[in-house]
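Comments concern the structure below.
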Amino acid sequence: MDRETRLKRLRFRSWHRGTKEADLLIGGFFDQHGEGWSDEEIALFEALLEEQDVDIMAWAMGTDTAPERYRGTILDALKTLNYVPISE
């Protein structure tokens, strides 16, 4: 599968998680960072999307420790939470 197709699939999967909160967190994160990822980072994010939303959200908010395989630049960026739109 070519890069463009992989990114389109990831965008869809990121924004269709099942809950509004997970969609905003994971979809917003993908929109902010996905286009600039290397092939290795895309593969890591694909694996991350196989995890449960509650786990991903807990890792992002720091209420639980992520498995070693996800630690690094993607998880560090996910933890910043500056990509979640906030309505005023």
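The values are calculated or read from the model by the stated rules, or taken from the named source; none is laboratory data. Not measured: the values here are computed from a predicted model. Methodologically, a virtual Cβ is constructed for each residue, glycine included, from the backbone with ideal geometry; neighbour enumeration extends over all protein chains shown. Please note that ligands, DNA and RNA were not included when accessible areas were found on the heavy atoms of the full protein model with its side chains. Shrake-Rupley method; radii C 1.70, N 1.55, O 1.52, S 1.80 Å.
Of everything in the stretch 78-88 that's among the hydrophobic types (A, V, I, L, M, F, W, C), outside any helix (DSSP H, G or I) and closer than 13 Å to Ala22 by Cα, which residue is most open to solvent (accessible area, probe 1.4 Å)?
The selected residue is Leu81.
Of all the residues that make up the stretch 1-45, how many are open to solvent by 80 Å² or more (accessible area, probe 1.4 Å) and basic (Lys, Arg)?
5
Could you tell me how many of the residues in the stretch 59-77 are within 12 Å of the chain's Cα centre (by Cα) and either open to solvent by less than 30 Å² (accessible area, probe 1.4 Å) or under 21 Å from His16 (Cβ atoms) (or both)?
Looking only at that region, the number is 6.
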